[in-house]
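Some notes on the structure that comes next.
Please treat every number below as a calculation from the coordinates, not as lab data. Predicted model only: the values in this text are computed from it and were never measured. Cβ coordinates were reconstructed from backbone atoms using ideal geometry, including for glycine residues, and neighbour counts include every protein chain displayed.
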Number of protein chains: 2
Amino acid sequence: MIELLALPGLPEVRPGDDLAQLIIATGTELTSADTLVVAHKVVSKAEGRLVDLADVTPGPRARQLAADHGKDPRHVEVVLSEAAQLVRADGGRLICRTRHGFVCANAGVDQSNAAEPDQLILLPIDPDASARALRAALPGHPAVVITDSFGRAWRTGQCEVAIGVAGLKPLEDWRGLPDTAGRELHATVIAIADEAAAAADLVRGKDSREPAVRVRGLQRHITTDDGPGVAPLVRKLEDDLFR
Amino acid sequence: MIELLALPGLPEVRPGDDLAQLIIATGTELTSADTLVVAHKVVSKAEGRLVDLADVTPGPRARQLAADHGKDPRHVEVVLSEAAQLVRADGGRLICRTRHGFVCANAGVDQSNAAEPDQLILLPIDPDASARALRAALPGHPAVVITDSFGRAWRTGQCEVAIGVAGLKPLEDWRGLPDTAGRELHATVIAIADEAAAAADLVRGKDSREPAVRVRGLQRHITTDDGPGVAPLVRKLEDDLFR
């Protein structure tokens with residue numbers, strides 16, 4: 001049995017806010033057997049990962065891309081500054097590889113749910129470090145997964161995925177283990193942290209202030225140490241057939 | 001609150017078995033407010049979507065691909081017969097577009113969890129029809145999602161995704177709706193059926209006979225009519241930047 005509970009609404013998070021204290025103030029029980037899944041926007045806001053469009057001067061590449069794809073050149077400038085590589089630009093979509101290695105639209109730079117108009121929210125600098133810090137600061141020290149909504153190559157709609165992990169095994173590796181018929185299970189590695197991110201998204205509304213979700217029942221994937229973070233979920237460039 | 005419950009183990013499913021009766025026999029309460037998520041393998045087995053490798057004669061293209069990628073030419077022959085397009089072949093991986101439009105490894109043809117050695121399991125011919133039939137046959141007529149584990153372009157590990165849907169809105173479209181600051185939420189369409197598939201996967205073990213999971217708490221996405229099926233989740237070819 002797994003239970004998903006959206007924590008009662010948090011207040012609007014501002015730079016410098018103590019996110020752990022805001023979560024504690026909801027009065028939600030958290031134990032070491034729980035996983036807390038948190039949408040990155042509140043983490044980014046608390047960490048001050050915000051840019052005002054008014055402060056951005058677009059360079060020539062941003063101006064050209066913006067003209068080609070019908071976008072705000074200042075927004076594109078911020079996207080390029082967050083991107084290690086522009087993977088595809090087509091029909092208004094800028095698919096980028098971020099410095100963390102994530103491939104997603106606009107390098108994770110997003111305008112929705114910002115507190116101010118004309119403000120952009122960036123991904124945390126080091127989402128694994130953000131997850132570890134939150135885990136350490138919360139009573140019970142639940143596993144922590146920080147998430148964002150990513151599009152997918154061949155499917156429409158976005159799914160929430162893990163971008164930072166502390167204390168949850170990101171992958172469950174069944175390779176070499178027998179299936180129900182006792183045969184070896186080929187090539188089965190399950191993206192537990194991404195499935196937890198997706199599950200948590202089901203219980204909250206995008207327009208509500210419910211960025212944090214408690215997932216109860218993932219004990220077998222939880223570790224005392226913080227573990228490898230999100231890195232095992234990021235496909236290595238040399239293994240990427242779709243760059 | 002959302003609750004995920006793996007139904008107690010089903011017996012080994014054989015061609016011609018009545019899957020709805022096997023699910024009813026578990027004694028699990030199902031209502032019209034529930035969503036039943038079912039791994040496709042039991043659906044495929046009940047529908048007889050099985051191929052014995054001994055019955056397969058590989059053609060020249062299958063023999064060449066098998067030699068190039070270190071695979072069984074009979075297996076490759078079945079993969080090609082299920083594929084509308086070979087999207088990428090690299091390092092032992094055959095990424096295909098299936099007749100349904102899904103992009104996945106081996107066109108969904110898989111050997112693990114088959115009842116017999118040297119037997120392959122194919123995807124259902126029409127997974128939406130399978131989902132509709134199961135919904136109609138189950139007491140309470142819960143929404144039904146049929147799933148498979150797909151790899152992803154830029155992330156390691158597989159996530160369970162929807163391949164057949166009846167009675168669940170596959171996408172939740174927030175475009176044009178206001179965010180918490182009252183601004184328009186850009187480009188936010190959430191793949192609810194895929195997130196439900198991923199969530200359900202967390203509660204079952206790959207080696208256990210727990211293909212069916214009851215998801216309780218998705219009422220706002222459930223519809224009385226069976227709806228559009230999985231089609232809205234499949235990116236159109238002309239919109240696909242990574243074919």
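Once every Cα of the protein assembly as shown carries one equal point scatterer and solvent is ignored, give the base-10 log of I(q)/I(0) from the Debye formula at q = 0.09 Å⁻¹, two decimals. After summing over all Cα pairs, the log10 values are -0.60.
Distances between placed amide hydrogens fall under 5 Å for residue B:234 paired with A:156, all partners being 5 or more residues away or on another chain.
Averaging 1/r across all pairs of distinct Cα atoms in segment B:50-123 and inverting the result yields a Kirkwood radius of 12.1 Å. Within the listed set B:151, B:48, B:59, the residue fluctuating most in the Gaussian network model of chain B (springs between alpha-carbon atoms under 10 angstrom) is B:59.
With the simple model of a label 7 Å out from the Cα in the direction of the Cβ, residue A:99 to residue B:12 spans 5.5 nm. Taking 7 Å steps out from each Cα toward its Cβ at residue A:225 and residue B:21 produces label points 5.3 nm apart.
Give the shape of segment B:136-181 as rounded, prolate or oblate, defined through the alpha-carbon gyration tensor: a ≥ b ≥ c are the square roots of its eigenvalues, a/c under 1.5 means rounded, and otherwise the shape is prolate if a/b is larger than b/c and oblate if not. It comes out oblate by the Cα gyration axes.
Annotation: amide H of residue B:105 within the under-5 Å range of B:96, B:151, sequence separation 5 or more or interchain, hydrogens built in the peptide plane. Normalised by the number of residues in chain A, the mean separation of alpha-carbon contacts (under 8 Å, six or more apart) gives a relative contact order of 26 percent. Modelled label positions at residue B:55 and residue B:175, each set 7 Å beyond Cα in the direction of Cβ, lie 4.4 nm from each other.
What value, in deg cm²/dmol to 500, does the helix sum -39500 (n - 2.57) over DSSP H runs of n ≥ 4 give at 222 nm once divided by the residues of chain B?
Here the helix-only value at 222 nm equals -6500 deg cm²/dmol.
Here chain B is assigned +1 on the Cβ of each Lys and Arg and -1 on the Cβ of each Asp and Glu. Its dipole about the Cα centre then comes out at about 420 debye.
Positive-end ranking of A:96, A:81, A:120 along the dipole of segment A:50-123, with charges on Cβ about the Cα centre, is headed by A:96. For chain B, the normalised intensity computed at q = 0.07, 0.10, 0.14, 0.18 Å⁻¹ comes to -0.25, -0.50, -0.94, -1.40 (log10 of I(q)/I(0), Debye sum over alpha carbons, equal scatterers, no solvent). For segment A:143-156, the Karplus equation 6.51 cos²θ - 1.76 cosθ + 1.60, evaluated at θ = phi - 60°, returns couplings of 4, 10, 10, 9, 10, 9, 8, 10, x, 10, 4, 10, 10, 7 Hz by residue, with Gly and Pro reported as x. Here's the picture: charge each Lys and Arg Cβ at +1 and each Asp and Glu Cβ at -1 in the protein assembly as shown, and of A:37, B:156, B:66 the one pushed furthest to the positive end of that dipole is B:66.
Could you list the trypsin sites (Lys or Arg not before Pro) in segment A:46-117 that lie in coil according to DSSP, counting only those with at most 16 other Cβ atoms within 10 Å of their Cβ?
Here the trypsin sites (Lys or Arg not before Pro) that fit, given the DSSP loop and packing criteria, are A:99.
With neighbour counts taken as other beta-carbon atoms within 10 Å, the residues A:154, A:174 rank, fewest first, as A:174, A:154. Local charge for residue A:33 was computed over the other residues whose Cβ lies under 12 Å away, with Lys and Arg +1 and Asp and Glu -1, and equals 0. The charge dipole of the protein assembly as shown, taken about its Cα centre with unit charges on the Cβ atoms of Lys, Arg (+1), Asp and Glu (-1) only, comes to about 680 debye. Charged side chains reduced to their Cβ positions (Lys and Arg at +1, Asp and Glu at -1) give segment B:1-136 a dipole of some 520 debye around its Cα centre.
Among A:42, A:76, A:87, which one shows the biggest mean-square fluctuation in a GNM of chain A, springs joining Cα atoms closer than 10 Å? The residue that fluctuates most here is A:87. Taking Cβ atoms as reference points and 12 Å as the exclusive limit, the residues near residue A:84 contribute a net charge of +2, counting Lys and Arg as +1 and Asp and Glu as -1. Relative to the longest principal axis of the Cα atoms of chain B, helix B:73-82 runs at roughly 40 degrees. The HN-Hα couplings worked out from phi for segment A:61-66 by the Karplus form 6.51 cos²θ - 1.76 cosθ + 1.60 (θ = phi - 60°) are 5, 5, 5, 5, 4, 5 Hz, whole numbers, x standing for Gly and Pro.
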